[in-house]
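Worksheet for the structure shown next.
Please treat every number below as a calculation from the coordinates, not as lab data. Keep in mind that what you see is a predicted model, and the values were worked out from it rather than measured.
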């Protein structure tokens with residue numbers, strides 16, 4: 001029995017959902033950079049496991065109870081949830097972090113191939 005009620009234990013699962021809103025994009029952008037700089041299985045596995053709890057709990061709260069699906073506008077709410085919470089807070093920051101890190105790495109490699117004196121000027125024969 002927590003806070004005077006017997007069935008409020010599930011609120012402990014909702015706390016990561018609310019913490020994910022401000023910190024999730026930063027964490028996922030960092031995970032995208034990590035995946036871009038260190039290719040392999042572990043960075044990608046952690047990119048899936050880290051947001052699993054907040055995204056799964058919020059998805060359960062949006063989709064259940066099943067009788068709410070008959071309510072007008074519920075399908076629109078689920079689509080907005082998927083676009084905003086999953087796409088905007090989780091997937092898009094990962095893609096941006098991954099893409100920016102890969103682009104930065106490619107530009108640096110190209111610059112290093114163009115000139116060996118670190119100024120970017122090509123070597124003259």
Practice prompt. For region 14-55, just run the numbers: alpha carbon Rg, then divide by 2.2 N^0.38 Å, N being how many residues it has.
Written response: 1.19
Discussion item. Which three extents, in angstrom, do the Cα atoms of region 1-99 have along their principal axes, listed largest first?
Written reply: 46, 35, 23
Practice prompt. Work out how much length residue 61 to residue 80 would gain on full extension: take 0.36 nm times their residue separation and subtract the Cα-Cα distance, in nm to one decimal.
Written response: 5.4 nm
